[in-house]
């Protein structure tokens with residue numbers, strides 16, 4: 001799939017997400033969900049790029065990056081249950097999955113040489 005098509009689909013998804021209402025709160029504009037998505041995207045992008053640099057295929061590197069970011073998000077949510085100030089939320093894991101997928105998809109398209 002062409003990188004321009006992937007980026008276009010991601011942008012359309014986030015623009016449409018701005019208009020969806022969930023319990024009178026806009027999902028994509030919630031600052032906590034944005035942080036989850038961005039951090040997961042950065043982690044997935046970095047791990048995927050590192051895997052591509054080491055010779056992994058696009059598919060392998062995608063799963064390394066997305067898997068690492070999602071695992072980190074699940075670990076964070078598990079630890080939130082032990083903190084009095086935080087609560088576990090499935091929506092946070094959903095934002096992690098969205099960010100991890102976007103970051104890994106974008107990074108897997110490049111030939112990384114560093």
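The values are calculated or read from the model by the stated rules, or taken from the named source; none is laboratory data. Only a predicted model underlies this, so the values are computations on that prediction, with no experimental measurement involved. Glycine also receives a Cβ, built like all others from the backbone with ideal geometry; neighbour counts cover every protein chain displayed.
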With (1) closer than 12 Å to residue 105 by Cβ; (2) at pLDDT below 60; (3) crowded, with 17+ Cβ neighbours inside 10 Å as the list, and residue 1 as the residue in question, which single condition is left unmet?
(3)
Give 61, 57 a once-over and let me know the one that is modelled with pLDDT of 70 or more and surrounded by 13 or more Cβ atoms within 10 Å (Cβ to Cβ).
61
For the stretch 75-96, which residues satisfy the criterion of being out of contact with any helix residue (DSSP H, G or I) (no Cβ under 6 Å at 6 or more places or on another chain) and modelled with pLDDT of 90 or more?
75
